[in-house]
Amino acid sequence: MRPRRFYSDKRSVSGHIEIVSDELFHLRKVLRSKPGDPVEVFNGNGKLFSGKIETIGKSKAIVKIEKEIVKEKPPVNIIIAPSLLKKKPMSLMIEKLTEMGVDEIHPVIFSRTEAEFSGSSMKKWEKLAVESLKVNDNLWASRIYPPCTIEEIINRSENIKNKILLDIEGKRAYIKDKGPFLCIVGPPGDFTPEEREMFISSGFTPVNINESVMKVETAAFSAVSILKYLTR
């Protein structure tokens with residue numbers, strides 16, 4: 001069995017690294033780990049440390065590093081730009097998209113977007129992205145951006161060749177390229193005609209991936225599954 005994996009934003013010092021905060025609580029109180037137990041510690045920025053717990057205290061656990069793996073940041077292949085949603089469905093969408101290994105998430109505010117954004121949401125999303133690394137075995141966390149306008153996401157798309165607009169009015173498309181891809185997922189209630197025209201006139205291809213009308217998060221998961229297959 002693979003050792004348990006923990007997140008730490010602490011720098012390694014003299015062959016050791018610390019586990020603190022919520023991760024320490026999970027290590028001490030939930031898993032009831034003890035000195036000598038093997039663990040893996042990652043930082044979300046390409047480093048993974050393997051070693052054994054040396055000491056466990058109330059404020060920190062110290063891991064003696066036996067092996068260090070450094071992975072270069074992979075190229076950005078899949079960017080998903082879904083409508084901002086209310087807190088619960090948005091958190092679910094962030095959790096699952098990061099588990100699926102999306103490179104970047106750019107929430108978008110559309111005319112029919114009903115959700116509001118707060119700074120605390122951003123912290124929660126980033127935490128979910130880090131937690132996902134315990135599941136998908138990646139060493140780089142998905143990058144999540146604060147919500148943006150339609151104009152801003154269109155500007156960010158200028159250098160991206162494959163621009164997809166998930167659209168119930170779109171057509172079936174055969175995509176042969178391997179990326180990078182930027183995929184727009186509209187709000188509950190769909191795009192307005194003006195929004196649809198803005199994207200199409202900016203080079204986005206309207207694509208219908210399912211004849212059924214789906215929730216925003218379902219459509220996002222479906223699109224990413226297809227794009228992950230294409231970029232393998």
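The table for this structure:
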{"quantity": "Set of lysines with alpha-carbon distance to LYS67 below 22 Å, sequence-local pairs under 8 removed", "calculated": "LYS10, LYS34, LYS47, LYS52, LYS134"}
{"quantity": "Order of VAL108, VAL213, VAL130 - criterion: other Cβ atoms within 10 Å of each residue's Cβ, fewest first", "calculated": "VAL213, VAL130, VAL108"}
{"quantity": "Positive-pole candidate from SER202, ILE164, PHE181, dipole of the chain, charges at beta carbon", "calculated": "PHE181"}
{"quantity": "Computed magnitude of the charge dipole of region 4-70 (debye, nearest 20; Cβ of K, R +1, Cβ of D, E -1)", "calculated": "220"}
{"quantity": "Sites matching chymotrypsin sites (Phe, Trp or Tyr not before Pro) across region 89-189 that sit in DSSP coil, with at most 13 neighbouring C-beta atoms within 10 Å", "calculated": "TYR174"}
{"quantity": "Centroid-to-centroid separation of region 7-39 and region 189-231 [C-alpha atoms, Å]", "calculated": "41"}
{"quantity": "Packing rank of 21-29, 46-54, 65-73, where each peptide gets the mean count of other beta carbons within 10 Å, highest leading", "calculated": "46-54, 21-29, 65-73"}
{"quantity": "Built amide H within the under 5 Å cut-off of ASP103, gap 5+", "calculated": "ASN77, ILE78"}
{"quantity": "DSSP beta bridges in region 4-70 [antiparallel fraction, %, rounded to 5]", "calculated": "85"}
{"quantity": "GLU197 paired with ARG2, simple spin-label distance in nm, labels 7 Å along Cα-to-beta-carbon", "calculated": "5.0"}
{"quantity": "Label point distance in nm, LYS34-SER59, each placed 7 Å from Cα along Cα→Cβ", "calculated": "2.6"}
{"quantity": "Net charge dipole size for the chain [Lys, Arg +1 and Asp, Glu -1 on Cβ; Debye, nearest 20]", "calculated": "1200"}
{"quantity": "Cβ-based charge dipole, region 78-230, positive-most Cα from ILE80, LEU97, SER121", "calculated": "LEU97"}
{"quantity": "Chain lengthening between SER91 and LYS127 when straightened (0.36 nm per residue, less Cα-Cα)", "calculated": "11.9 nm"}
{"quantity": "Considering only the chain, percent of DSSP beta bridges that pair antiparallel, nearest 5", "calculated": "45"}
{"quantity": "Among ILE150, VAL213, PRO35 - extreme Cα towards positive end, dipole of the chain, charges at beta-carbon", "calculated": "PRO35"}
{"quantity": "Calculated from backbone phi, Karplus (6.51, -1.76, 1.60) coupling profile of region 74-90 in Hz, x at Gly/Pro", "calculated": "x, x, 7, 10, 10, 10, 10, 10, x, 4, 4, 10, 5, 3, 5, x, 5"}
{"quantity": "Helix-only CD estimate at 222 nm, as mean residue ellipticity for the chain, using -39500 (n - 2.57) per DSSP H run (n ≥ 4)", "calculated": "-9000 deg cm²/dmol"}
{"quantity": "Linear extension gain, LYS161 paired with VAL20, 0.36 nm per residue minus alpha-carbon span", "calculated": "46.5 nm"}
{"quantity": "Label-point separation, ASN208 to ILE69 (7 Å along Cα→Cβ), nm", "calculated": "4.4"}
{"quantity": "Global geometry of region 54-143, whether rounded, prolate or oblate, following the gyration tensor of its Cα atoms and the 1.5 cut on a/c", "calculated": "oblate"}
{"quantity": "Region 17-98 shape via C-alpha gyration tensor axes, a/c threshold 1.5", "calculated": "oblate"}
{"quantity": "Reach of LYS29 by Cα under 16 Å, taken over aspartates and glutamates that are not fewer than 8 positions away in the same chain", "calculated": "ASP37"}
{"quantity": "Residues whose placed amide H lies under 5 Å from that of LEU31, excluding near-sequence neighbours", "calculated": "none"}
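Any read-out appearing in this document is the output of simple, stated calculations on the displayed coordinates, not a laboratory observation. Note that this is a predicted model, so its numbers are computed, not measured. A quick note on method: Cβ atoms are made from the backbone with ideal geometry, for glycine too, and the neighbour counts reach across all protein chains shown.
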